[in-house]
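Worksheet: the structure to be examined is printed underneath.
The values are calculated or read from the model by the stated rules, or taken from the named source; none is laboratory data. Small disclaimer: the values here were computed from a predicted structure and weren't measured. Glycine gets a Cβ as well: all are built from the backbone with ideal geometry, and neighbour counts include every protein chain shown.
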Amino acid sequence: MKSISTTIRLIFATAVLGAFASFAYAGPGPQYWESITKKAQFDQLKAGEKVAYVCYICKNVSEVPITSHEHAMELCKDGATVVCPSCQKSSKVVRKEKRNDPPSYSEVIYVNEKGEECAFVAKLAGNLETIRAEAQFAQLKAGDKVAYVCSVCKTVSEIAVESHDHAMGFCKEGDIVTCPSCKKTTKVVRKEKRNDPPSYSQVIYVNEKGEECAFIAKVVAKM
Ligand SMILES: [Zn+2]
Ligand SMILES: [Zn+2]
């Protein structure tokens, strides 16, 4: 005969298992870092919060701790200068009007001296280490997470590495990698870097015009 407490414990255990099960059935799904592109989003940032500055010039995702509300607003002030914490290159804040999307709002973009977009800001959801060499891809194991940083849709998407082969697919010359967020495809190209001894090839991701449009980083620590 079961005591009442055992029965309650059983019911509780079943409820907990049920919760886990529904989690499992929902699947892990892709995880996206929230991009910050509107003034209203910067307005909500508080001192102590951290944002990610994603720089296309040095291809690094750097942590920027918000020191004050003014600091957050400086990151979206038209004409303000933002310096990349990794390469120290500066970008200029531009408010780009988006009249096609009602209600009309301005998107905050970061441009270089030529007026080309060279960065974006997102909510920081972990620490990333950019992966550029085949040897770094070879070290990835099943269960590791990488981030696909797409400059087309300006999104940091996490991808769970399924196997060694899966990881090597990210650095195999000619392979196609799809952005989990916008579904745009990029082609893997090995760019020879002969100037840095020992000579090695850097893995880059290009669009149909041959322009770099993404990079991959390893998620080294979750927030
Ligand atoms: Zn940089
Ligand atoms: Zn994308």
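In the list GLU129, GLU113, which residue meets the criterion of being surrounded by fewer than 16 Cβ atoms within 10 Å (Cβ to Cβ) and assigned to a strand (DSSP E or B)?
GLU129
Step by step: first the residues of the range 156-168, then only those that are more than 16 Å from ligand 2 (Cβ to nearest atom) and under 25 Å from GLU208 (Cα atoms), then the one that is nearest to the chain's Cα centre (by Cα). Which residue is that?
The extreme case among them is ALA167.
Report whether or not SER201 is more than 16 Å from ligand 1 (Cβ to nearest atom) and more than 23 Å from SER62 (Cβ to Cβ).
Yes, satisfied.
Could you tell me which of the residues SER201, SER181 is hydroxyl-bearing (Ser, Thr, Tyr) and either in a strand (DSSP E or B) or away from ligand 2 (no atom under 16 Å from the Cβ) (or both)?
From the options SER201, SER181, the qualifying one is SER201.
Taking the criterion of being more than 22 Å from the chain's Cα centre (by Cα) and outside the structural domain of CYS118 (by TED's automatic domain parsing), would at least one residue in the range 178-188 satisfy it?
no
Among (1) under 25 Å from VAL64 (Cβ atoms); (2) more than 16 Å from ligand 2 (Cβ to nearest atom), where does ALA138 come up short?
(1)
State yes or no: is VAL51 of a type in the set (Val, Ile, Thr), modelled with pLDDT of 95 or more, surrounded by 15 or more Cβ atoms within 10 Å (Cβ to Cβ) and farther than 23 Å from GLU212 by Cα?
yes
So, in the range 85-138, of the ones that are of a type in the set (Lys, Arg) and closer than 29 Å to VAL188 by Cα, which residue ends up nearest to the chain's Cα centre (by Cα)?
This residue is LYS123.
Select from the range 35-57 the residues that are small (Gly, Ala, Ser) and in a loop (DSSP other than H, G, I, E, B) and write down the one among them that is farthest from the chain's Cα centre (by Cα).
Of everything passing the filter in the range 35-57, ALA47 is farthest from the chain's Cα centre (by Cα).
So which of CYS171, CYS153 is more than 12 Å from ligand 2 (Cβ to nearest atom), outside any strand (DSSP E or B), under 22 Å from GLY210 (Cα atoms) and among the hydrophobic types (A, V, I, L, M, F, W, C)?
Of CYS171, CYS153, the one residue that is more than 12 Å from ligand 2 (Cβ to nearest atom), outside any strand (DSSP E or B), under 22 Å from GLY210 (Cα atoms) and among the hydrophobic types (A, V, I, L, M, F, W, C) is CYS171.
Taking the condition surrounded by fewer than 16 Cβ atoms within 10 Å (Cβ to Cβ), more than 15 Å from ligand 1 (Cβ to nearest atom) and of a type in the set (Gly, Ala, Ser), does ALA135 pass?
Here the answer is yes, as ALA135 does meet what is asked.
Can you run down the residue pairs with Cβ atoms below 8 Å, 6 or more apart or on separate chains, where the first is in the range 165-192 and touching a residue at least 12 places away in the same chain (Cβ under 8 Å) and the partner is among the basic types (Lys, Arg)?
Once the first residue is touching a residue at least 12 places away in the same chain (Cβ under 8 Å) and sits in the range 165-192, its partners that are among the basic types (Lys, Arg) give ALA167/LYS141; CYS171/ARG190; GLU173/ARG190; GLY174/LYS187; ASP175/LYS187; ILE176/LYS187; VAL177/LYS187; VAL188/LYS172.
Which residues, counting only those in the range 68-108, are touching a residue at least 40 places away in the same chain (Cβ under 8 Å) and within 16 Å of ligand 1 (Cβ to nearest atom)?
Selection gives LEU75 alone.
Kindly indicate whether VAL146 is among the aliphatic types (A, V, I, L, M), more than 16 Å from ligand 2 (Cβ to nearest atom) and assigned to a strand (DSSP E or B).
No.
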